Every structure is written in C-alpha cells, then in structure tokens.
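Asker: Before anything else, here's the structure in question.
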Amino acid sequence: MKTFTPEVKIGYNYILLNYDSQYELMYSLARFQEFYENPILKGKVFSREDLQLISPDYYILWSGCNFPSKVIIEMLDFGFTFDRRELVVYDLVCESDLSVVIGIHSNDCSTLSHELVHVLYYSNREYALEVERVVKSDREEFGRLREYLIGMGYDDSVIVDEINGIVTGK
C-alpha cells in the first residue's frame, strides 16, 4: 500500500513537501489545510468524506498547500486521528521543527513561487505588516479579490495572506 511519501526539502523556516501527483498532495495535506483556512471546518474535527461534500472533485482542485506547522498539534488537541499519510507528514514536520509547511506536486515552479510568498508572510513580521498596509490602502481593488476568496471558501483570517500570494506569487 502506497504511503504517498513526498520528496522533502528544508528551507529557512519552512519544510517543502513535493508529491508525485496533485491527488497525492491533496490527499496527504487537505485536512491540515482546511482546518487552517476553511471557515466552515476551522476548529472542527472532520473527515475526508466531509471534504468531498465540499466538492466531489476536492482532491484535484488545488495545486498547493500552506499552513503553520502548529496546525498539526492543534488538530491533535481537537481530537483528530491521523491516517498513515497524515502520520508521514506529522513525523516529517515534527522532526524538522520548522514553522511553515508548504506542499506542491510534480516540482510545479509556479505553485512553489506562490507558496513561498506565504512563507515570507508567516516568517517576516515587517513584510506581513507592509502587506496588510497595502491591502487596506486599496479597499476597492482588494475588496473585490477579498469577496472572491471568501466565495472560494477561505476564512477571513487568511485573506490578506492569500491576496499576498496571488498578487506577489505569480
């Protein structure tokens, strides 16, 4: 039985998990990702079946993931039980002691650029404050993008960072 073990690269303050396919990426990281940024699932215990209620094609919707590594411990505290794929992630992240997890598939450089912008936002407070200032300064332009992202299922707490990833990480 395949465990979806990713290629692992360690960067400054982050761990990159590169999977062979989009399905492997999302099947391994989806619950971490959604616990962190989905307003309906955030802070709740949920199953893979719950993700497929969001969309039957859930595991092929996203090409990358990012979340603070502390999400893994928070999920355990909430009562999640991890399957073997998630346990691989747990082991890799806990061994690394890094603060951000990013995941891509097939060495996708475009997605990697986007995910690395999230790492910068998480790990550089001055940068994050400047991004927040810029987004707040153009409420009309970024307001439309904010509403679009909320419609896609992002929690309000990650909107500024996601705008950052979209605008900067191309």
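Asker: Any idea what angle helix 84-96 forms with the longest principal axis of the chain, computed on alpha-carbon atoms, 0 to 90 degrees, nearest 10?
Answerer: 60 degrees
Asker: I'd like the distance separating the alpha-carbon centroids of the stretch 65-87 and the stretch 108-166, in whole Å.
Answerer: Taking the Cα centre of the stretch 108-166 as reference, the centre of the stretch 65-87 is 23 Å away.
Asker: Ranked from highest to lowest mean number of other Cβ atoms within 10 Å per residue, what is the order of the peptides 141-149, 18-26, 84-92?
Answerer: Descending packing order for the listed peptides: 18-26, 84-92, 141-149.
Asker: Could you work out [θ]222 nm for the chain from helices alone, using -39500 (n - 2.57) per DSSP H run of at least four and dividing by all its residues? Round to the nearest 500 deg cm²/dmol.
Answerer: Mean residue ellipticity, 222 nm, calculated: -18000 deg cm²/dmol.
Asker: Then there's this: Given 0.36 nm per residue, what is the gain on full extension from Thr5 to Ile40 after removing their alpha carbon distance, in nm?
Answerer: The span from Thr5 to Ile40 would gain 9.7 nm if fully extended.
Asker: Tell me whether the chain comes out rounded, prolate or oblate; compute the Cα gyration tensor, take square roots of the eigenvalues as a ≥ b ≥ c, and use a/c under 1.5 as the rounded threshold.
Answerer: It is prolate, given that a/c is not under 1.5 and a/b is the larger ratio.
Asker: Further question: What's the angle, to the nearest 10 degrees (0 to 90), between helix 109-123's Cα axis and the longest principal axis of the chain?
Answerer: Computed tilt is about 70 degrees.
Asker: Quick one, can you get me the convex hull of the C-alpha atoms of the stretch 96-170 expressed as volume per residue in Å³?
Answerer: 102 Å³
Asker: With the full set of protein chains in place, find how many percent of the accessible area of the stretch 21-170 is carbon and sulfur; take the probe as 1.4 Å.
Answerer: Ligands and nucleic acids excluded, carbon and sulfur give 54 percent.
Asker: Here's a follow-up. Rolling a 1.4 Å sphere over the protein heavy atoms, what is the accessible area per residue of the chain, to the nearest Å²?
Answerer: Roughly 52 Å² per residue, with all protein chains present.
Asker: How high is the relative contact order of the stretch 54-168, in percent, counting Cα pairs under 8 Å that sit 6 or more residues apart?
Answerer: 27 percent
Asker: What number of lysine-lysine pairs in the chain show an alpha-carbon separation below 26 angstrom, given a sequence spacing of 8 or more or placement on distinct chains?
Answerer: Taking the chain as the scope, the lysine pair count is 6.
Asker: Here is a follow-up. Taking 0.36 nm per intervening residue step and subtracting the Cα-Cα distance, what contour gain separates Arg84 from Asp156 on full extension?
Answerer: Values: separation 72, 0.36 × 72 = 25.92 nm, distance 3.08 nm.
Result: 22.8 nm gained on full extension.
The values are calculated or read from the model by the stated rules, or taken from the named source; none is laboratory data. As the structure is a computational prediction, the values presented were derived from the model and not from experiment. Glycine gets a Cβ as well: all are built from the backbone with ideal geometry, and neighbour counts include every protein chain shown. These accessible areas exclude ligands, DNA and RNA; they are computed on the full protein's heavy atoms, side chains included. Shrake-Rupley method; radii C 1.70, N 1.55, O 1.52, S 1.80 Å.
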